[in-house]
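Heads up, the thing below is written out as structure tokens.
Read-outs: derived from the displayed coordinates by stated rules, not from any lab. Just so we're clear, the structure is a prediction, and the values are computed from it rather than from any experiment. Virtual Cβ from ideal backbone geometry, glycine too; neighbours counted across all protein chains shown.
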């Protein structure tokens, strides 16, 4: 029975607490002195609080009645909670309304504004000290980053040295922010700041992914350089001489005199052919001879002719072999090596072809000529089929090759002109080049 009564009383008590009314037992005897004491106590409390200047208090039989106005509804609602905590209060009648007087409603806001100004003025010296500490730390970081000797000594090139300087500047700025917030006792803001910076950095990273990839490729290429200035390279089908390597792209000068700009990300991921890294380079050409030619004599003659050219190196040796045997042509492949620092590859190859053809012509070795011969049956048959087959010129046909004469000059004069253009441009843009002769080479 007792448990049932308790369960029935729980909703009533909860409702009373939800309404803000006191849930203390009600005394049997009524005391006017107690009512006056309750009213006086509530008035003294309200006089110490802001916003209750227009509120009147009346207490009768333990029932507290509030009348008047307050600046806002929340201030009026708090009266019920406050009065219910006073001993002896039986119930609370809150008849306070929200004030519509403009001056009365603005006064608290003005007071709060004045208080904040006063707090700011009182806080200003500490804020100035924090700003001063931040400025000193940042200035120290800028001074250290501006030094040339330590970073140029640590970094493999100027581009990496500048990255080191940027990292030092950023580290000192972050250190200044941390120390300044610690002086202001606001280090909790640092985690918020770093979290926001991380999210912004992640978003920017996705937005400029290609730029970041190109930047990383520039760093890697500047550390391990696969080419040098004036090297002849082939990158993604583009052939030319290297002018410079910048923080964004590799600049080539094509043999037609055009500038080719290739992003470093493409260069880093591409297959690079460097034609200049080795001084010795091989030229190759094919010569066709008639099927009934003495191939051993032709191979020996081609070998002797190429070995006797002044621009062809003795080591590695000249090589000539039979590459292919066709219906009407025997193909000889001829190779020789030159020093490309002294000779131009294209000019050397052309002169080698000229000298070989002249030697073959002088020795009576016949070059195959395309032709047709008609095969058929008796001339009286009008439906006779006709078949065309390739024909060869007569083996004993006289040679029409001109005499070879002295070997022509094959100096790399074309390349020298391009190198002059490259050197002039590099001199004008020396600060933009990341290529270093002392850097490690791949």
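Express the relative contact order of the stretch 54-191 as a whole percentage, based on alpha carbon pairs under 8 Å and six or more residues apart in sequence.
Working: 143 pairs, mean separation 24.7, N = 138.
Over the stretch 54-191, the number comes to 18 percent.
At a threshold of 8 angstrom on Cα-Cα distance, excluding pairs fewer than six apart, so keeping six or more, what relative contact order does the stretch 221-359 reach in percent?
Working: 229 pairs, mean separation 28.2, N = 139.
For the stretch 221-359, the relative contact order is 20 percent.
Among 112-118, 422-428, what's the highest-first ranking by average C-beta atoms within 10 angstrom per residue?
Values: 112-118: 10.1, 422-428: 13.0.
Descending mean neighbour count gives 422-428, 112-118.
Using a/c under 1.5 as the rounded threshold, could you call the stretch 268-349 rounded, prolate or oblate? The axes a ≥ b ≥ c are square roots of the C-alpha gyration tensor eigenvalues, and prolate needs a/b larger than b/c, oblate otherwise.
Details: a/c = 3.21, a/b = 1.64, b/c = 1.95.
Here the stretch 268-349 falls in the oblate category.
Using per-residue counts of other Cβ atoms within 10 Å, averaged over each peptide, order 325-334, 234-243 from highest down.
Details: 325-334: 16.2, 234-243: 17.8.
Put in order of decreasing packing, that is 234-243, 325-334.
For the stretch 416-433 and the stretch 276-293, what is the separation of their C-alpha centers, rounded to whole Å?
Measuring centre to centre over Cα atoms gives 34 Å.
Rounded to the nearest 0.05, what FRET efficiency do residue 73 and residue 266 have when you use their Cβ-Cβ distance and R0 = 56 Å? Don't skip to the end; give the middle numbers.
On the way: r = 68 Å, r/R0 = 1.21.
Rounded to the nearest 0.05, the efficiency is 0.25.
Kindly identify the stretch 108-207 as rounded, prolate or oblate by the Cα gyration tensor criterion: order the square roots of the eigenvalues as a ≥ b ≥ c, call it rounded if a/c is under 1.5, otherwise compare a/b with b/c, prolate if a/b is larger, else oblate.
Details: a/c = 4.05, a/b = 1.93, b/c = 2.10.
It is oblate, given that a/c is not under 1.5 and a/b is not larger than b/c.
In whole angstrom, how far apart do the alpha carbon centroids of the stretch 296-374 and the stretch 111-138 sit?
One Cα centre to the other: 89 Å.
Starting with the fewest neighbours, write out 417, 315 ranked by other beta-carbon atoms found within 10 Å of each beta-carbon.
Working: 417 11, 315 6.
In increasing order of surrounding Cβ atoms, one gets 315, 417.
Defining a contact as two alpha carbons under 8 Å apart and six or more residues distant in sequence, what relative contact order in percent does the stretch 114-272 show? Numbers along the way, then the final one.
Numbers: 165 pairs, mean separation 25.9, N = 159.
Worked out over the stretch 114-272, it gives 16 percent.
Rank-order 355-366, 132-143 by packing density, defined as the average count of other C-beta atoms within 10 Å over each peptide's residues, highest first.
Numbers: 355-366: 18.8, 132-143: 14.7.
Put in order of decreasing packing, that is 355-366, 132-143.
In which sequence would 289, 284 go, from the one with the fewest C-beta neighbours within 10 Å to the one with the most? Walk me through the numbers on the way to the answer.
Details: 289 21, 284 12.
Starting with the residue having the fewest Cβ neighbours, the order is 284, 289.
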